[in-house]
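Take a look at the structure set out below.
Each value in this text was obtained by applying a stated rule to the coordinates, not by laboratory testing. Keep in mind it's a predicted model, so treat the numbers as computed, not measured. Heads up, the Cβs are rebuilt from the backbone with ideal geometry, glycines too, and the neighbour counts pull from every protein chain shown.
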């Protein structure tokens, strides 16, 4: 939970820093949407873990052994790459970083194998053994997944909605520009506020630090002074 909090605070600060640096017109919205997407994932993971702690917290941590095992096998699989630059880099990585730790990597994975492999030996692709959508449904975040997360995923996968953020249709023809629309800038911060609020409410509840009303007070901003 503390790691999720540190990430979310860092993500929020990153959005503010980008806005201070570029302003509304040149705010890098595709980068902003990528940052916001991670806020949803940490929120879902946090809610899912707290439904059955500490078992799910331990499982979350132990999945690190699976990630390490996957990396080791991937590097070993490509040691004989036909591309000289890849072959050289991977051999160096294997010899200097991975091979000396092979025994520990294997031992760590063997200790959690029963949790992350099915009867056919297929390995889980994520720590929970289910999709982010399945987790979202269990923690009552399904609407946010189907609507918000689906849109934000465009910016992680680089699909056409990602590309369209750089395309402006004008009477004299198409124009490709990095300038942002007011809608996109507002949406980045709207999504960030929604996901941060949800996580902060959970964090406050879990540690007895604050309640929902106190989280909402964060948005009691002073009115802008006009000249």
For the range 183-199, the count of residues that are in contact (Cβ under 8 Å) with a residue 24 or more places away in the chain and farther than 17 Å from residue 151 by Cα equals 3
Considering residues that are under 21 Å from residue 37 (Cα atoms) and in contact with a helix residue (DSSP H, G or I) (Cβ under 8 Å, 6 or more places away or on another chain), the number found within the range 188-214 is 15
